[in-house]
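Since the structure comes first, as structure tokens, the remarks are kept for the end.
The values are calculated or read from the model by the stated rules, or taken from the named source; none is laboratory data. Just so it is clear, the structure is predicted and the values come from calculations on it, not from any experiment. Here the Cβ positions follow ideal geometry from the backbone for every residue, glycine too, while neighbour counts run over all protein chains shown. For accessibility, only protein heavy atoms count, side chains too; no ligands or nucleic acids. Shrake-Rupley method; radii C 1.70, N 1.55, O 1.52, S 1.80 Å.
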Amino acid sequence: MSDLSQIMKLIEDGNTTFTDFKNAMSARLDHVENIEAKGRRLTIGTGAGTEEDKQEMKSFRDFVRTGQMEAKAMTTTGSSGADGGYAVPKQIDVMIENMLLNMSPIRQIAQVRQTSTGDYHHLVNLRGTASGWLGETAARGATATPQLADVKPTMGDLFAFPQASQWMADDAYFDLPTWLAQQVSDEFARAEGSAFVSGAGINQPTGFLAGTLSAVNDNAGTRPFGTLQYLPTGVAGGWPASNPTDFLLKMIFELKAGFRQNGSWVLSKSVLSQIAQFKDSSGRYILTPMTSPTVPQMLFGFPVVEAEDMPPIAANALSIAFGDFKRGYLISDRIGMRVVRDELTNKPYIGLYCVKRTGGILLNSEAIKVAKFAVS
């Protein structure tokens, strides 16, 4: 056999070996992907996890289909029997919370606290504790008594009432947990969006725009705690007569540096569409558009959050907010969600009346500024 023939045979053998290796790896990857896919379906659809989780999910499915649930399968939080409803399995509850976080614009940027009670209080330090510098052996005097503000979110029961047919409930392949989580989170996000912005505080959260307003800035030191500062545009229902870009810059620097570094813009799509047309002195657009789903639109280097419940531009409207909402607005969620099965109200459909307790309140009025489209 010539040297060339030997070389060609080695190459052919190598190709065969590589092809076999590639086919084997491809089959193994397909197998792994099938296992992962089954695992994902199992996790969402049947409550994979501990045996307790599986039993809880099975019991919940039986409850939706027949109205009966094993007492031993009920979770302790929020379970109160047929009259008060049963607690939703924690896996579905987590799915709803994750979806709400992605869908509710204010919830994405606010401070969220989960509690086991509806009577939740949050203390805010009003900088009443004195401090100073001393030498190594100098006497230490007592500091001044701290000034604290007691902030309590106003609470209300947020409910959704999705409907399913008996056939849907009986279908073993119907992904009931995911369907319920999507239906409930859609309704909750819609209701939350309005309440966190302008809720009246009666059996619902108090929106950050619903409180007392003043044009006095923080430097004056005379604006009471809990009173939100607004900046007037100088034109009723319109932008400033001069360059509106300067007005938006003023909103940024009216905020103290400690709050400004984590600032976000909150406004509706209609207002954002107008700002998208504004240019700086060099003729460049001031709005940086979203370049990918994970990168938000930016206005002067700060992220823009679209909240359709923010007021449109009109006379005296508070149409733009800017600030550190993590420190400025508090959302309180009572742990657990209850569900009541109703097969009588809308026959032949099965209604699932889902209820959770949620509250909200302006936490620190120095952390947020708003634009008022008014003369003064």
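Tallying residues that are open to solvent by 20 Å² or more (accessible area, probe 1.4 Å), over 15 Å from residue 328 (Cα atoms) and of a type in the set (Val, Ile, Thr) within segment 209-249 yields 3. The single condition among (1) under 25 Å from the mean Cα position of the chain (by Cα); (2) outside any strand (DSSP E or B) that residue 346 does not satisfy is (1). Inside segment 250-289, residues that are under 19 Å from the mean Cα position of the chain (by Cα) and either part of a loop (DSSP other than H, G, I, E, B) or within 21 Å of residue 329 (Cα to Cα) (or both) make up a count of 7.
Note on segment 301-324: residues that are in contact with a strand residue (DSSP E or B) (Cβ under 7 Å, 6 or more places away or on another chain) and open to solvent by less than 10 Å² (accessible area, probe 1.4 Å) amount to 7.
Residue-level analysis places residue 364 outside the set of residues that are in contact with a Lys or Arg (Cβ under 9 Å, 6 or more places away or on another chain) and more than 25 Å from residue 153 (Cα to Cα).
Name the single residue that is most open to solvent (accessible area, probe 1.4 Å) among those in segment 344-366 being modelled with pLDDT of 90 or more and of a type in the set (D, E, K, R). Per the stated criteria, the residue is 357. Just for segment 262-280: of the residues that are of a type in the set (S, T, N, Q) and in contact (Cβ under 8 Å) with a residue 24 or more places away in the chain, which one is surrounded by the most Cβ atoms within 10 Å (Cβ to Cβ)? Filtering segment 262-280 for residues that are of a type in the set (S, T, N, Q) and in contact (Cβ under 8 Å) with a residue 24 or more places away in the chain, the one surrounded by the most Cβ atoms within 10 Å (Cβ to Cβ) comes out as 264. Would you check if residue 327 is at pLDDT 90 or above, in a strand (DSSP E or B), open to solvent by 10 Å² or more (accessible area, probe 1.4 Å) and on the phi < 0 side of the Ramachandran plot? No; evaluated as a whole, the condition is false for this residue.
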